[in-house]
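Derivation of every value follows stated rules applied to the coordinates shown; laboratory data play no part. As the structure is a prediction and not an experimental result, all values here were calculated from the model. Virtual Cβ from ideal backbone geometry, glycine too; neighbours counted across all protein chains shown.
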Amino acid sequence: MENSPHLPISVVITVYNEACYLREALRSVLSQVVMPAEILVIDDGSDDDEARQVVEENQKTAVTLRYYKKENGGPSSARNSGISRSVQPYIAFLDADDKMLPGNLCYKYNLIKNLGSQYFGVYGSYIREDNKKIVAFKEIDGMPSTRYIGRDDGVPGGMGNYLFRRDPLIEVGGLDETLSHNEDFDLLIRLLKSGYACKGNAEPGFVRNYRPGSLTRSAKHYEIYRAVLMFLNKAEKNTYFDELELRRRHKANCLRLARRLFSERFPWAEVKPVLVEAFSHDRPRNPRELIAYLLARMI
């Protein structure tokens, strides 16, 4: 950075049929207080070439801006493509429907540049687009327990929260492309289990767009449930969590499915077995869960 006006960071923006959002996402990176050395837009096989057009519109910039279109393979495949094509020692990820806050990269770079090579990265929090609330995470400096990964009261599980060192990502093999949900949790846990540390706090770095059509908020309720189950099965096989945490996550996966089915007025005969399964993993631990447990037993 001392000899360059840019931060030694590759920003990887992944897009799939979201060119309508990409323009703002790209603008948010180009509006950083100190810009990154390169931006890679990875198009995961969109049905059109609108993303390419957005990139071409922004070529008159001092930042190296590259566009790659690949065969559709899912978010992990797109991010791995970005990792392999990046040339800077640090990597930040951004989904096409999210936006970076202006000081995001500079703030995180100033945190990580003085840390040793035993750190895989640094993280911050984010602001929800829908209600403007900050989702604040734990202040951590070291190796947090894996049970905190992906919990709002713990360590963020989303890739957009982090500024990573590139080398550890390559060392652990990048993201698991067989997973389509919680693949970011999986990567972070593998980094921790490989002996790497992280540092972070509640400073927000980006705005997350919770929109109905995005992958993690789609209406494919059973598909999401099964995708999370794949991660949990891998977690059990590789002892990512202790037994209690694993059971709690199985329960949470079932309860999410039950809530979605109930909110869309699926028949009670379809909702009840999901609730029964949820509480076969772990007992109710708050008033809302207790009500669901009693309903499943009584009706």
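Overview of results
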| item | result |
| --- | --- |
| Among the listed pairs Lys108/Lys193; Lys113/Lys251; Lys60/Lys193; Lys99/Lys220; Lys237/Lys272; Lys99/Lys272, those beyond 32 Å (Cα-Cα) | Lys113/Lys251; Lys60/Lys193; Lys99/Lys272 |
| In sequence order, calculated HN-Hα J values of the stretch 96-101 (Karplus, 6.51, -1.76, 1.60; Hz; x Gly/Pro) | 5, 9, 10, 9, 6, 7 |
| Amide H within-cut-off set for Phe206, under 5 Å, with H built and near neighbours excluded | Leu101, Ile127 |
| Residue among Met143, Leu261, Gln59 farthest towards the positive dipole end of the chain, charges placed on Cβ | Leu261 |
| Length-normalised contact order for the chain - Cα pairs under 8 Å, 6+ apart - percent | 16 |
| Estimated FRET transfer efficiency (Thr61, Glu171; beta-carbon r; R0 30 Å; 0.05) | 0.40 |
| Three-way shape call for the stretch 215-298 based on the alpha-carbon gyration tensor, with the a/c threshold at 1.5 | oblate |
| For the chain, built as a Gaussian network whose Cα springs stay under 10 Å, the top-fluctuating residue of Pro89, Pro156, Pro204 | Pro89 |
| Highest-fluctuation residue, Cys106, Cys20, Cys198 considered, GNM on the chain with Cα pairs under 10 Å | Cys20 |
| Rough spin-label spacing in nm, given labels placed 7 Å along Cα→Cβ, for Ile127 and Lys113 | 2.5 |
| Top of His281, His250, His181 by mean-square fluctuation, Gaussian network on the chain, Cα under 10 Å | His281 |
| Environment charge of Glu50, counting only residues whose C-beta is closer than 12 Å and scoring Lys/Arg +1, Asp/Glu -1 | -4 |
| Global form of the stretch 103-240, assessed from the alpha-carbon gyration tensor, a/c cut-off 1.5 | oblate |
| Under Karplus coefficients 6.51, -1.76 and 1.60, residue-wise ³J(HN,Hα) of the stretch 198-208 in Hz, glycine/proline x | 9, 9, x, 7, 8, 5, x, x, 7, 9, 9 |
| Net charge of neighbours whose Cβ lies under 13 Å from the Cβ of Arg147, counting Lys and Arg as +1 and Asp and Glu as -1 | +2 |
| Total charge dipole magnitude, the chain, about the Cα centre, Cβ charges on Lys, Arg, Asp, Glu only, Debye to nearest 20 | 960 |
